[in-house]
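Taking it in order: structure first as structure tokens, then the write-up.
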Amino acid sequence: MTFQALITEKTDDGYVSRLGERELGDLPDGEVRVRVQWSSLNYKDALSASGNKGVTRSYPHTPGIDAVGVVEEAGDGPFSPGDAVICTGYDLGMNTPGGYGDYIRVPAEWLAPLPAGLAPRDAMVLGTAGLTAALCVEALLDTGLQPEQGEVLVTGATGGVGSTAVSILSRLGFQVVAVTGKQDAHDWLRDLGATDILDRAALTEGLDKPLLKPRWAGVVDCVGGDTLVSALKGLQYGCSAACCGLAGSPKLENATVFPFILRGVNLLGVDSVELPCEVKQQMWQLLAADWRPDLARLEAAEVDRSQLPEWFGRILQGGVRGRVVVKVAD
């Protein structure tokens with residue numbers, strides 16, 4: 001049986017993505033076959049489609065690290081045909097054919113039930129970005145963060161993770177300061193719930209100082225590099241930064257131990273890829289209910305798979321604001 005998929009392959013002109021046909025037999029072994037309905041666009045998908053060997057080792061390949069759909073074959077696991085499920089992270093879309101195909105076949109432990117009250121399309125407006133944002137917020141709350149402690153900083157606020165974090169934190173009653181270098185995004189970030197906007201260049205002023213004036217009650221950092229270093233230097237005593245990205249840099253070249261040993265701050269690492277699916281299920285339940293962000297404002301565009309090659313270039317160049325949802329099934 002053949003099905004449609006976006007296929008990235010190496011050519012004489014570099015890596016090219018196109019819609020084509022694949023066979024069910026091309027899918028890897030796994031207990032559960034899912035008919036994909038929706039996916040989403042992530043930075044990692046664009047890296048995979050660009051031939052980045054740190055993401056995908058061999059080609060031809062079908063990217064798509066997010067997928068939501070309906071189980072068609074379930075094996076002996078906990079799922080049954082007809083169940084609505086979400087798959088994010090693990091190896092999906094990296095070295096395992098991903099959500100830009102009509103079908104995926106994955107281990108049962110990669111799948112979470114689609115929560116009641118969350119439509120399949122809405123789940124992909126959130127996707128890996130929404131899950132990661134929720135995990136960052138949860139990490140800060142687990143340290144005891146309360147709204148009355150003051151402002152929470154969100155860096156990379158126009159990206160998928162950052163914008164979702166702004167919306168969730170605002171819903172939970174926090175004063176959110178959103179960091180961006182995009183002047184045209186200020187009104188949009190305020191609509192998402194930001195109480196103040198900080199230019200990213202202003203955040204890193206005084207980077208050479210060992211500490212900055214204590215301002216932040218918490219930080220969600222999607223950028224890394226000097227942005228994260230500056231945020232750490234500006235944390236209040238005993239407060240924490242949740243780190244989940246490296247859009248700026250993976251290095252902390254201007255960091256010192258002073259924020260940690262003089263203010264007792266915490267740097268919390270957040271990963272949504274290899275996390276046990278039971279934890280992911282808890283986050284999806286929160287995203288479907290009490291933590292549900294403003295999905296209409298988060299969404300940047302709806303595209304079909306034939307449009308993805310253009311959008312890969314956009315997201316790699318930092319030209320995507322919010323989330324892009326990908327329609328797979330008619």
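The values are calculated or read from the model by the stated rules, or taken from the named source; none is laboratory data. Note that the structure is predicted; figures quoted are calculated from it, not measured. We place every Cβ from the backbone using ideal geometry, glycine too, and count neighbours over all the protein chains shown. All accessible areas refer to the heavy atoms of the entire protein, side chains included, with ligands and DNA or RNA removed. Shrake-Rupley method; radii C 1.70, N 1.55, O 1.52, S 1.80 Å.
For every residue, the table says whether it meets (1) surrounded by 14 or more Cβ atoms within 10 Å (Cβ to Cβ); (2) among the charged types (D, E, K, R).
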{"residue": "A255", "(1), (2)": "yes, no"}
{"residue": "L267", "(1), (2)": "yes, no"}
{"residue": "E278", "(1), (2)": "no, yes"}
{"residue": "W291", "(1), (2)": "yes, no"}
{"residue": "S306", "(1), (2)": "no, no"}
{"residue": "G319", "(1), (2)": "no, no"}
Can you name the residue in region 22-44 that is of a type in the set (A, V, I, L, M, F, W, C) and outside any strand (DSSP E or B) and is also surrounded by the fewest Cβ atoms within 10 Å (Cβ to Cβ) among such residues? L24
Within region 287-306, the count of residues that are within 20 Å of I86 (Cβ to Cβ), touching a strand residue (DSSP E or B) at 6+ places or on another chain (Cβ under 6 Å) and assigned to a helix (DSSP H, G or I) comes to 2
Give all pairs with beta carbons closer than 8 Å in which a residue from region 181-196 that is on the phi > 0 side of the Ramachandran plot meets a residue that is surrounded by 14 or more Cβ atoms within 10 Å (Cβ to Cβ); count only pairs at least 6 apart in sequence or on separate chains. G193/V166; G193/S167; G193/L169; G193/S170; G193/R171; G193/V176; G193/D294
Can you name the condition, by its number, that G322 falls short on among (1) at negative phi; (2) touching a residue at least 24 places away in the same chain (Cβ under 8 Å)? (1)
Quick check: anything in region 189-197 open to solvent by less than 10 Å² (accessible area, probe 1.4 Å), assigned to a strand (DSSP E or B), modelled with pLDDT of 95 or more and more than 18 Å from N254 (Cβ to Cβ)? no
Within the set of pairs 6+ apart or on separate chains, which have a first residue in region 19-44 that is closer than 18 Å to S58 by Cα, a second that is open to solvent by less than 10 Å² (accessible area, probe 1.4 Å) and small (G, A, S), and C-beta atoms under 7 Å apart? G20/A5; R22/A5; R22/G101
Among the residues of region 307-319, which ones are touching a strand residue (DSSP E or B) at 6+ places or on another chain (Cβ under 9 Å) and touching a residue at least 12 places away in the same chain (Cβ under 8 Å)? L308, P309, W311, F312, I315
Among the candidates A247, A231, A217, A255, single out the residue that is within 30 Å of G98 (Cα to Cα) and of a type in the set (G, A, S). A247
Return a yes/no flag: does region 202-214 have any residue that is within 25 Å of V273 (Cβ to Cβ) and open to solvent by 40 Å² or more (accessible area, probe 1.4 Å). no
When residues of region 45-61 are limited to those that are part of a helix (DSSP H, G or I) and touching a residue at least 60 places away in the same chain (Cβ under 8 Å), the one surrounded by the fewest Cβ atoms within 10 Å (Cβ to Cβ): L47
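This table checks each residue for (1) open to solvent by 10 Å² or more (accessible area, probe 1.4 Å); (2) hydrophobic (A, V, I, L, M, F, W, C); (3) more than 16 Å from G193 (Cβ to Cβ); (4) in contact with a strand residue (DSSP E or B) (Cβ under 9 Å, 6 or more places away or on another chain).
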residue: P115; (1), (2), (3), (4): no, no, yes, yes
residue: G127; (1), (2), (3), (4): no, no, yes, yes
residue: V137; (1), (2), (3), (4): no, yes, no, yes
residue: E151; (1), (2), (3), (4): yes, no, no, yes
residue: G162; (1), (2), (3), (4): no, no, no, yes
residue: V166; (1), (2), (3), (4): no, yes, no, yes
Answer from A300, A241 - the residue that is modelled with pLDDT under 95 and buried (at least 18 other Cβ atoms within 10 Å of the Cβ): A300
Is there a residue in region 72-83 that is part of a helix (DSSP H, G or I) and either surrounded by fewer than 21 Cβ atoms within 10 Å (Cβ to Cβ) or among the polar types (S, T, N, Q) (or both)? no
